[in-house]
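First the structure, in the form of structure tokens, and then the observations on it.
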Amino acid sequence: MYHIMKTLISLLTLVAIVFAYILSASLYVQGELVSAYLLVISSIGAFAFWIESHDLLRARKNSAA
């Protein structure tokens, strides 16, 4: 049950990051440029942290070796 919850939380986090990108596009169209840029920058950081927390970079290095 623990792995199912961990996977669900991980997927919900990824959906929230994608939603932040969509929201930033909406803000950009409305002319809220600073808010849109800050949201994109924070989303990039969140996505990088998501990748790091799931060891996706390490898994790729191990499979190449």
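Between helix 33-53 and the chain there is an angle of about 0 degrees, using the helix long axis and the longest principal axis of the Cα atoms. For the chain, the solvent-accessible area works out to 83 Å² per residue, with a probe of 1.4 Å and every protein chain left in place.
Once you have a ≥ b ≥ c as the square roots of the Cα gyration tensor eigenvalues for the chain, tell me rounded if a/c is under 1.5, and otherwise prolate or oblate according to whether a/b is larger than b/c. Note, shape of the chain comes out oblate.
The values are calculated or read from the model by the stated rules, or taken from the named source; none is laboratory data. Because the structure is a prediction, the values reported are computed rather than measured. Ligands, DNA and RNA are excluded from the accessible area calculation, which covers all protein heavy atoms including side chains. Shrake-Rupley method; radii C 1.70, N 1.55, O 1.52, S 1.80 Å.
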